[in-house]
Amino acid sequence: MILRRISEHVRAQNWFAVGLDFLIVVLGVFVATQVANWNAAHIERELERAYLVRLHEEVSIMFTEQESERSEIVARAGRLDEVAAYFEAFGTPDATPPEPVGEHCSAVISSHIFAGDITLPPTISELISTGQILLVSNQTLRMRIVRFAQAIDEYGQLRHDIQVDRMVLSRKYPDMIQLSPAERDRSFCDFPAMAQSQAFRNDLLDNKSRFKAYAAGVIQGQQDLRRELHDALDVQLAIRHEAKVP
């Protein structure tokens, strides 16, 4: 229709009408392009929000589920510190050995175990593997998500590194550690004999330093990452909590 009108105006040498028709065509194309761009941008923003809402839910659940594990591991690291303090004070009036059966003994015999989860939220995996990470319009938040994924890889490598040459103390020192066939907390530790054995003290202190690196770096580090990402997502999504993630 418009092309026929332009042709008619050209034959009639009505250049004003030709120019007007041309302007109408250009404006029509421009408006159509803008509408298409707006629709595409709207779809992208909706998709971005859907991803971020899902990620927020995953991070919240993971933080809650992993908090009890983090607390237990941090507490175990503290009990290893108390055993080391007893070794340091051994032979003085201040040297009070821990109970031979209980949490301190359990901490000693499990000082080589670094079995906590190292977990990347599924939505982050999807965003990065599909390239949809570019949908995240907030550059700071986008870099935080990418950094989260990188940190998880680093935590995995750290756990691998600190596991090398770790010592299973109950196997090397069966005369000082008697494992319970029922529960680890019922195992027996001869703390005075341990304190008098420099070989045992060396091995335990080595395990302790590894375990504390695991507790502070791998386990606590992941919870810190989750907390920071959760807070950033709250801001981006304008979410307010009556009870914030601890």
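Relative contact order of the stretch 172-246, taken over Cα pairs closer than 8 Å and 6 or more residues apart, is 15 percent.
Separation of the stretch 82-111 and the stretch 173-230, taken as the distance between their Cα centroids, equals 12 angstrom.
Averaging 1/r over every pair of different alpha carbons in the stretch 68-219 and inverting the result gives a Kirkwood radius of 17.5 Å. Within the stretch 128-143, name every residue whose backbone N is under 11 Å away from a label modeled 7 Å from Cα of Gln157 along the Cβ vector. Under cut-off, by backbone N: nothing.
Coupling constants for the stretch 128-142 follow from the phi torsions by the Karplus curve (6.51 cos²θ - 1.76 cosθ + 1.60, θ = phi - 60°), and in residue order they are 6, 5, 9, x, 6, 4, 5, 5, 6, 6, 7, 4, 5, 5, 4 Hz; glycine and proline get x.
In units of the rule-of-thumb radius 2.2 N^0.38 Å, the stretch 84-146 shows an alpha carbon radius of gyration of 2.22.
By how many nm would the segment from Glu82 to Met143 grow when fully extended, if each residue of separation counts as 0.36 nm and the alpha-carbon distance is taken off? Between Glu82 and Met143, full extension yields 17.9 nm more. Each label was represented as a point 7 Å from its Cα along the Cα-to-Cβ direction; for Leu205 and Arg49 these points are 5.9 nm apart.
Positive-end ranking of Ala149, Met176, Asn202 along the dipole of the stretch 142-227, with charges on Cβ about the Cα centre, is headed by Ala149.
The numbers here are math on the coordinates, done by the rules we state, and not lab data. Fair warning: this is a prediction, and the values are worked out from it, not measured in the lab. Every residue, glycine among them, receives a Cβ derived from its backbone with ideal geometry; neighbour counts consider all protein chains shown.
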